[in-house]
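This report concerns only the one structure given below.
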Amino acid sequence: MGYSVAGHATQYLMQRLFVEHGLDWSAISVEVNREALADAVCGAKAMRFAALRFYPPLDDEVREFFLSRDATARTLAGFTSARCEDGDWIGWHNLGWGVQAEIVRRGTAWDRVQLWVHGRSRLALSTIDMSGQSPPAGLLWTADGTADAELPANHLDSAEALDSCRPVALDEADSKLAEMLLQVVDPHSDSRLVIVADGSADELAGAERLLRRCLEDSVRGAAAEEMGAAGEADQPNAASRDPVPVLAFGASGLFLVDHCLDSIRVDPVAAADLDLAAEAYDFQVWTGISPNLELLRDAYDEFYDL
């Protein structure tokens with residue numbers, strides 16, 4: 001459902017997966033405006049729809065109709081997706097779960113992830129919501145300006161719960177980010193820093209400077225420890241290694257940072273990969289079946305003529 005559903009691939013992708021997995025299901029796209037939203041959600045339940053998918057801005061406007069899968073969970077991002085269980089719509093926002101699924105697909109266990117979320121975009125808020133239900137090893141949420149500014153509406157029941165998920169200002173985040181990075185630059189560690197930071201270049205400039213500064217400090221600190229442990233003569237390149245790669249936030253807003261031999265690597269995740277991870281997550285929750293990811297990619301490329 002959406003104000004304008006043209007150009008969204010969900011129906012095309014789901015139909016391909018339904019056929020591939022032998023499901024007697026059908027996906028339909030429906031144009032719905034804000035004024036008709038309540039009637040549309042009630043009508044879908046009356047007609048015994050199994051699942052719903054909402055496109056922005058409806059994902060932020062359906063809060064009152066859905067229950068979270070976790071009754072205590074924060075719902076900062078709203079709901080993109082839902083399934084009907086015992087007469088109730090049980091909802092979630094799929095972008096954050098797509099982040100987790102894509103990281104795991106690339107070979108990093110979620111309990112080894114140091115997660116830094118920057119900003120208040122849908123992707124950022126969805127990732128914060130997800131992390132409340134499935135915590136990573138470490139979590140830092142930052143935002144430009146004051147920590148209290150422009151928090152979205154939510155379903156948190158108490159002031160204590162609200163305070164627990166507020167972002168911190170960038171100038172207060174150095175020590176926490178440095179602590180997380182120490183886990184990543186340790187050559188004996190399998191930890192990985194995952195960054196969620198989408199927005200304009202101006203919006204991300206402060207986060208980029210913070211990351212560079214903390215990376216430089218962390219890598220140089222790790223190099224000094226190596227030299228101290230093994231002796232400078234045994235580590236001729238430790239002090240001269242290039243500690244920080246060129247950073248370029250953008251793309252999908254999802255980045256993986258890890259230690260590779262004597263350098264730090266920052267890998268952006270393509271927007272298409274994140275989109276597909278979110279769609280695959282929805283399909284699995286709706287049907288209980290792990291989708292054929294290769295087929296899903298082919299269908300995505302066909303739809304967008306890639």
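Read-outs throughout are calculated quantities, based only on the coordinates presented, and are distinct from any laboratory measurement. Worth saying up front: this structure is predicted, and the values here are computed from it rather than measured. All Cβ positions, even for glycine, are placed from backbone atoms using ideal geometry, and neighbour counts span all protein chains on display.
Between Asp86 and Ala27, residue separation times 0.36 nm minus the direct Cα-Cα distance comes to 19.1 nm. Length gained on full extension, Ala137 to Ala109: 9.1 nm, using 0.36 nm per residue less the C-alpha separation.
Given R₀ = 41 Å, what would the calculated FRET efficiency be for Leu67 paired with His188, taking r from the Cβ atoms and rounding to 0.05?
Using R0 = 41 Å, I get an efficiency of 0.40.
A simple spin-label model places the labels of Arg34 and Glu20 3.7 nm from each other, with each point 7 Å out along Cα-to-Cβ. Between Asp267 and Asp174, the modelled label-to-label distance comes to 3.1 nm, taking each label 7 Å out from Cα in the direction of the beta carbon. Need one number: nm distance between label points at Glu208 and Cys42, each 7 Å from Cα along Cα→Cβ, rounded to one decimal. Those two pseudo-labels are separated by 5.0 nm.
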